[in-house]
Amino acid sequence: MKVVVLADTDSRWKWGLLTARQLFPASVPVGLLLHSLRGPSAQQLADSGVEQQPTIVESIPGFVASEDLDAVDVIVLALPGGGVQAVLHGLARRWTTPGRRPVVISGYVGVVYEKHVEGLLLRAGSDVILANSPADAESFRTMLAGAGQDPSVVLPTVLPFLGQADSARETGTLFTVTFAAQPGVPGPRTDREFVIRRLIRHATLHPEREVLLKVRARVGEHTTHREDHPYQLLGPRLGVEKPANLHVVHGNMGEVLDRTDLLVTVSSTAAVEAMHRGIPTAILTDFGLKERLGNHYFLGSGCLASFSDLDAGATPRVDPEWARNRGIGPSDAVERAQEHVAALAADDVRPPLRPGYTMDNAAAMLPDLLGRYGLSAYGRELETDDERASDLPLAVRSLVSRAARTAYRQGVYTVAPTLRRLARL
């Protein structure tokens, strides 16, 4: 069976390749990386833990037009929702009648805590939408049915990088605390400086512990979510001496967890990975419990804690029932998912793909969305200068809008707090 994975960032590359290997263990997936100026570096791909070199694909129109797809059985789309919808439209235009075509699988890289409806409906039209837990599967089916889409395409599974459940190492003489950083959570510089100061304080209060700040990328590398204030740059600017037992580390998260006795984070998917291994895990409450932070996902987990709690010696453990409902711990979901996708791939006649959004139900949105990926609203590649010129106003408005949002965020989260502090002085 020939399985192809199309990804665009380091984390999606990792999820896509490991998902393909998980669902089709007898196959060797082909990994394709969508060309981007913000694409991952060779070191980031190596740090993902997936030992495979990618083949670069220049564009989605080029991918969907490739003759090689005629021999492909399964396509795993490790892309954001808009990218998935673009590929679906391109493939729907290529295979317009019932017959043999690849099975198209999409899903989510980790914990789903934002844009639930938006992200899901952009993936609608896939033959399979993977859900990482029973809770996600139930939620996805309800939303798809409510939007008039087929809820049966949702397939429960587990995140492919979790590994064996309850496989945490035995605690040795050295107790290691790891803070799993995220590129954009928390976002404001002051909040990220707070994290550094509290890690320094914790390391000072507990000289018998090793404290690790696990960052997502090296300075200058791009990640799935943008990072405006890298911890590596903020730390030296604080003017506070770093304790000898506090270290900044890079690399594969799984390898770091091998030496971790307590995982601390705001809302990183690394928390799920740690819980699955039986490692005590703390979800920070210092910045509040908010949807935009993603820590609300862990309500009821029993793992909510503050830095003050951790300084006092807290080592939270996840509630077993909550964990089972979130796809954490022993499960037969993978075996059942393998059977389901194998049966789909064995069928020689499949109906044409039907993307969730079309010009009949989303005429105001679709041209701009697909135009960003070089496709017309009907899934055809934009080839002529006139066609591209007709999309220029949309592109310019989109660019200006993004710039305005960035300026607004900087004003709200960086400039305004600074001015307020100066006013108090």
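How many residues, within segment 34-57, are assigned to a helix (DSSP H, G or I) and either more than 14 Å from Arg12 (Cα to Cα) or open to solvent by 40 Å² or more (accessible area, probe 1.4 Å) (or both)? Steps first, answer last, please.
Start the filter on segment 34-57 by keeping residues that are assigned to a helix (DSSP H, G or I), which leaves 42-47.
Subsequent filtering for residues that are either more than 14 Å from Arg12 (Cα to Cα) or open to solvent by 40 Å² or more (accessible area, probe 1.4 Å) (or both) retains 42-43, 46.
Qualifying residue count, segment 34-57: 3.
Of all residues in segment 317-358, exactly one satisfies the criterion of being under 14 Å from Leu122 (Cα atoms) and free of Cβ contacts under 8 Å to residues at least 40 places away in the same chain, namely Thr358. Given the criteria surrounded by 18 or more Cβ atoms within 10 Å (Cβ to Cβ) and of a type in the set (Asp, Glu), does Asp10 qualify? Spelling it out, Asp10 is indeed surrounded by 18 or more Cβ atoms within 10 Å (Cβ to Cβ) and of a type in the set (Asp, Glu).
Residue count for segment 20-33, restricted to those that are within 23 Å of Ser66 (Cα to Cα) and open to solvent by less than 40 Å² (accessible area, probe 1.4 Å): 7.
Screening the candidates Val215, Val240 for the property of being of a type in the set (Val, Ile, Thr), exposed (fewer than 15 other Cβ atoms within 10 Å of the Cβ), on the phi < 0 side of the Ramachandran plot and modelled with pLDDT under 95 yields one hit, Val240. Scanning segment 194-209 for residues that are closer than 16 Å to Phe287 by Cα, open to solvent by less than 40 Å² (accessible area, probe 1.4 Å) and either out of contact with any Asp or Glu (no Cβ under 9 Å at 6 or more places or on another chain) or not in a helix (DSSP H, G or I) (or both) yields a total of 2.
When segment 58-98 is filtered for residues that are outside any helix (DSSP H, G or I) and open to solvent by less than 20 Å² (accessible area, probe 1.4 Å), the ones remaining, listed by number, are Val72, Val74, Ile75, Val76, Leu77, Ala78, Leu79. Contact map, segment 268-282: first residue among the polar types (S, T, N, Q), second residue part of a helix (DSSP H, G or I), Cβ cut-off under 8 Å, separation 6 or more or different chains; pairs are Thr281/Ala271; Thr281/Ala274; Thr281/Met275.
Condition check ((1) of a type in the set (Phe, Trp, Tyr); (2) more than 15 Å from Phe175 (Cβ to Cβ); (3) surrounded by 14 or more Cβ atoms within 10 Å (Cβ to Cβ); (4) touching a residue at least 60 places away in the same chain (Cβ under 8 Å)) across all residues:
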residue: His229; (1), (2), (3), (4): no, yes, yes, no
residue: Leu257; (1), (2), (3), (4): no, no, yes, yes
residue: Thr265; (1), (2), (3), (4): no, yes, yes, yes
residue: Cys303; (1), (2), (3), (4): no, yes, yes, no
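The values are calculated or read from the model by the stated rules, or taken from the named source; none is laboratory data. Computed from a predicted model, the values in this text were never measured in an experiment. Counting neighbours? That spans all protein chains shown, and the Cβs are built from the backbone with ideal geometry, glycine included. Note: areas computed on protein heavy atoms with side chains; ligands, DNA, RNA excluded. Shrake-Rupley method; radii C 1.70, N 1.55, O 1.52, S 1.80 Å.
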